[in-house]
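Worksheet: the structure to be examined is printed underneath.
The values are calculated or read from the model by the stated rules, or taken from the named source; none is laboratory data. Given the structure is predicted, the values throughout are model-derived calculations rather than measurements. For neighbour counting, all protein chains shown are included, and Cβ atoms are generated from backbone atoms with ideal geometry for every residue, glycine included. The accessibility values were calculated without ligands, DNA or RNA, using every heavy atom of the protein model including side chains. Shrake-Rupley method; radii C 1.70, N 1.55, O 1.52, S 1.80 Å.
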Amino acid sequence: MAGTAQPLQSRKKPDFAELSIVLAGGLAFSLTTLFLCVAPLTGKIAGARDFVVYWATGQQLAHHANPYETEAMGRLERGAGLDPGYGILYMRNPPWGLPIALPLGLVGVRFGALLWSLTLLGCLLLSVRILGDLHGQPRSLLNWLGYSFAPALMCVIIGQTSLFALLGLALFLRLLERRPFLAGMALWLCTLKPHLFLAFALVLAIWIVLERSYRVVLGLAVALAASLGLTWLIAPAAWTQYEHMIRISGIEEQFIPCVGVALRLWVNPQSRLLQYLPAIAGCTWGVVWYWRKRGSWDWKSDGNLLMLVSLASAPYCWLFDQALAIPALLFGAYVTRSRVLLAALALGSVAIEAALIMGVKLPSPLFVWTAPLWLCWYLLATALRKSPVSDATAPAR
């Protein structure tokens with residue numbers, strides 16, 4: 001009858017999974033917003049995190065100095081507020097990534113910290129929006145699982161570049177079908193963290209050859225050539241200086257909480273091969289799996305599992321690098337019918353943030369298992385798929 005109110009039972013109440021997602025998103029964004037408001041007010045906070053490495057590198061580049069010089073980098077980092085206990089930090093991204101740090105050489109540490117954090121936050125927001133659009137879920141509440149993912153927000157807070165790589169991955173997936181040249185250019189952002197993409201990159205190379213999608217290669221080549229040219233202009237000796245830095249940086253002595261490093265340190269610290277065994281196994285699995293599915297391969301779905309395997313088997317991977325799991329985790333959230341798994345993912349992200357706030361350090365062995373856990377979660381989520389009518393390819397409500 002016209003004018004009759006809708007029955008109360010027809011109004012769907014939020015379930016436990018949705019409440020968990022809202023809780024995780026609200027808590028995570030509150031903490032991140034608080035940090036972004038406080039950091040510009042004090043140089044000590046701005047300089048006491050990984051951001052200071054990029055700021056100090058930018059300062060060296062702006063003054064035409066060696067961005068890997070030990071004494072100069074140490075002086076800049078200590079002056080900005082970095083605890084001497086961390087030693088001297090260097091920008092370990094490949095030298096073609098130096099141009100992204102150059103603008104920071106033109107500003108002070110406080111303003112630079114705010115600018116850098118907002119740029120990284122923009123990369124996260126844009127990446128999740130692109131992925132939502134890609135799967136027909138632009139306004140889904142599930143997108144908050146990406147916005148509030150603890151490793152991604154950690155990148156914003158400490159100033160790590162993994163979110164640039166995430167944006168490159170999201171753009172690649174979005175552009176590949178219709179704009180392969182631009183998709184290839186987007187991959188340049190992924191090359192800032194090449195060690196995280198080993199299995200993914202190997203399968204992509206084979207796929208390009210078999211599909212003759214050479215416009216992807218051309219796009220990546222153009223972007224790399226441009227960045228290499230700019231690097232040569234601002235730091236002509238960068239490659240020689242970078243090689244020297246790698247030799248003296250002592251990265252092989254660090255405990256990085258990932259399967260490869262843990263395997264080497266726990267079995268035989270002197271055997272570098274052990275650190276790369278998971279990566280070799282991951283690449284081998286990736287090639288075999290792709291070959292079996294090559295007739296129906298779809299990067300928007302099949303690339304997700306490949307990316308998670310790349311992260312879990314990477315020769316070294318910090319917790320914040322696992323922001324690159326977001327495309328796979330969102331896809332799993334879109335297609336799964338398990339509300340328990342959705343709640344577990346949201347609360348797991350909150351648990352990681354709580355552990356960090358309570359003083360658990362990034363090199364903790366606790367985080368060795370996070371990348372394999374995202375992989376296990378994805379396998380369970382996609383095994384418990386919705387019916388085809390309500391799958392991720394259906395328009396969002």
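When the stretch 211-293 is described by a simple charge dipole with +1 on each Lys and Arg Cβ and -1 on each Asp and Glu Cβ, the residue from V288, S249, G219 located farthest towards its positive end is V288. Per-residue ellipticity at 222 nm, computed for the chain from helices alone with -39500 (n - 2.57) per DSSP H run of at least four residues, works out to -20500 deg cm²/dmol. Against the chain, whose longest principal axis is taken from its Cα atoms, helix 180-190 shows a tilt of about 60°. Largest to smallest in accessible area, the residues D83, D298 fall in the order D83, D298 (1.4 Å probe, all protein chains included).
For the chain, the longest principal axis of the alpha carbon atoms and the long axis of helix 16-38 meet at an angle near 30°. Here the spin labels are modelled as points 7 Å beyond Cα on the Cα-Cβ line, and at E253 and L126 they lie 3.9 nm apart. The angle separating the long axis of helix 214-234 from the principal Cα axis of greatest extent in the chain is about 30 degrees.
Between the entries [x] 42, 22, 20; [y] 37, 22, 21; [z] 35, 26, 21, the label attached to semi-axes √(5λ) of the Cα gyration tensor in Å calculated for this structure is [z].
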